[in-house]
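Report on the following structure.
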Amino acid sequence: MSHDVYVALAYGITAIVIAALILWVVLDQRARRTELSELEARGVRRRSALPPASGTDHGG
Amino acid sequence: MTTTTAGNAFTNLANPTRFLNLSGAVLPWMTGITALLFAVGLFMAFTAPEDYQQGVTVRIMYIHVPAAWLSMMCYTVMAISAIGTLVWRHPLADVSAKAAAPIGAAFTFLALVTGSLWGKPMWGAWWAWGDARLTSVFVLFLMYLGLIALIRAIPDPSRAARLTAIVILVGFVNIPIIKFSVEWWNTLHQPASVIRLDGPSIHPSMLYPLLVMALAFTLLFFTLHFSAMRAEIWRRRVSSMRRRAAQAAA
């Protein structure tokens, strides 16, 4: 096998793995933001987003 | 008074909302600079002269060496995060360790594969189990996979964080072994040629492309790490909000 093929394979595999990593991060972010938006649209709020008077627990 | 101010600044930085705001502002810049560095680095890598012994296969070095550096740097980031989890209970420390593990596994995989693709034409072998550098990096890859499995196996997040942090710190012993394996043992893998007490032993025509590619890979790592941390913070918020919604409905 020509040495060029080893170089091409190394760069090709690196490009695929990095593209897969980027895709995973982008899709994961998008999915989580969609879930957050859906919960907020249903009126669910995070504890820290509630006004102080409405909460009785002090867990942060 | 000064201690209190410093403490407040630390608490502010440890705040996930503040991290989301700051990372949201810097990530577009980091993405742009990473892309630019890769364009320049790849141009330099493919216009650099061929090595008089290795020929064209020297170009594999421009991706293999940065991937190998990152495999160790990522684990070091995880070890610092583990200390943050165990000692200071930093709210972002566990998020950081969890987000870094799959990225570290990917870069270690790349270091192993590109090293193997360089080894076959140069050494005449894809792999040598007797080589301490190769074997210790393979152990690092297995450790990343084990940590990912451990994080996913424990349902209680705070227990998972503490256990993972302990395992990360125990496993950190492998990092100096990887780094100094080429000096401690007589290995097939060549010794360090960039970070040396007497300076780099690579000709500048190959050293500069390597350094630019290393910078590009490093910035790529931090861009991916910050992005994965943001996703992890949102995942925890979703989980917390779902629990609240379930409690309210009960």
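Could you tell me which of the residues B:Arg196, B:Arg235, B:Arg242 is under 23 Å from the mean Cα position of the chain (by Cα) and either at pLDDT 80 or above or hydroxyl-bearing (Ser, Thr, Tyr) (or both)?
Only one candidate passes the filter, namely B:Arg235.
Could you grab me the full set of residues in region B:18-32 that are surrounded by fewer than 13 Cβ atoms within 10 Å (Cβ to Cβ) and of a type in the set (S, T, N, Q)?
Across region B:18-32, the qualifying residue is only B:Asn21.
From the set of residues in region B:13-53 that are of a type in the set (Ser, Thr, Tyr) and in a helix (DSSP H, G or I), which is farthest from A:Arg47 (Cα to Cα)? Even if it seems obvious, please write down each step before you answer.
Initially, region B:13-53 is screened for residues of a type in the set (Ser, Thr, Tyr), giving B:17, B:23, B:31, B:34, B:47, B:52.
Subset that is in a helix (DSSP H, G or I): B:17, B:23, B:31, B:34, B:47.
Numbers: B:Thr17: 13, B:Ser23: 23, B:Thr31: 33, B:Thr34: 37, B:Thr47: 56 Å.
Ranking the qualifying residues of region B:13-53, first place goes to B:Thr47.
From B:Gly84, B:Gly104, B:Gly124, B:Gly171, grab the single residue that is touching a helix residue (DSSP H, G or I) at 6+ places or on another chain (Cβ under 6 Å) and within 14 Å of chain A (Cβ to nearest Cβ).
B:Gly104
Take the residues in region B:91-101 that are farther than 30 Å from B:Val58 by Cα and within 14 Å of chain A (Cβ to nearest Cβ), then tell me which one is farthest from the chain's Cα centre (by Cα).
So, considering only residues that are farther than 30 Å from B:Val58 by Cα and within 14 Å of chain A (Cβ to nearest Cβ), the one farthest from the chain's Cα centre (by Cα) is B:Pro91.
Inspect all residues belonging to region B:73-91 and state whether any of them is surrounded by 21 or more Cβ atoms within 10 Å (Cβ to Cβ), polar (S, T, N, Q) and over 26 Å from B:Thr34 (Cβ atoms).
Yes - at least one qualifying residue is present in region B:73-91.
All but one of (1) in contact with a Pro (Cβ under 9 Å, 6 or more places away or on another chain); (2) more than 30 Å from B:Gly32 (Cα to Cα); (3) within 11 Å of another protein chain (Cβ to nearest Cβ) hold for B:Met241; state the number of the condition that does not hold.
The failed condition is (1).
Testing B:Ala93 on (1) modelled with pLDDT of 95 or more; (2) closer than 18 Å to B:Phe226 by Cα, one condition comes back false. Which one is that?
Single failed check for B:Ala93: (1).
Which members of region B:164-174 meet the condition of being part of a helix (DSSP H, G or I) and within 24 Å of B:Arg89 (Cβ to Cβ)?
B:Thr164, B:Ala165, B:Ile166, B:Val167, B:Ile168, B:Leu169, B:Val170, B:Gly171
The values are calculated or read from the model by the stated rules, or taken from the named source; none is laboratory data. Everything numeric here is computed off the predicted structure, so don't read it as measured data. Glycine gets a Cβ as well: all are built from the backbone with ideal geometry, and neighbour counts include every protein chain shown.
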